[in-house]
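Structure first, commentary second.
Please treat every number below as a calculation from the coordinates, not as lab data. Quick caveat, the model's predicted, so the values are computed rather than measured. Cβ placement follows ideal geometry from the backbone for every residue including glycine, while neighbour counts extend to all protein chains displayed.
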Amino acid sequence: MHTRTAVTTLALAALALTGCSSSSDDTTDSKPSSTPSATPSTASSADVSAAEKRLGIPPEPTPAKRAELLRALAAANPDIVKYEDKAVDAARNQCGAISGGGNRLDYSAAQRFTYKDVTTTEAQGKQINEALKGIGFCKV
């Protein structure tokens, strides 16, 4: 008896599914006429560089300038250069704060250069700001 009920249920389900399909003489299309772009538009690198320049963020340093920057940062806090790329990014962003006339720049530097297992004090943040200006990394 259970077998007949199961077969009947499956047959009814199959009929219901075929009844849901559209007929060939249906002229309306339920699909949208165009599909939206799957990828969002991205800004070109020239646009990004121009925006960074307006904000006072210097470009990626050359290898020689990068070495000079890392030495200057290490003088303020040797631990912050353990993650060189992070330190360079933080320095570039700190230049934006300095150039923009931000408030509490020493605190900002301390926060910006505190990451992972590295802690930077506000006094070290002051040294970082002085170093960034002193080597001419931040055009102030």
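For the range 77-140, the relative contact order works out to 35 percent when only alpha carbon pairs closer than 8 Å and six or more residues apart are counted. Packing here is the average count of other Cβ atoms within 10 Å per residue, and on that basis the peptides 130-139, 73-82, 89-98, highest first, run 89-98, 73-82, 130-139.
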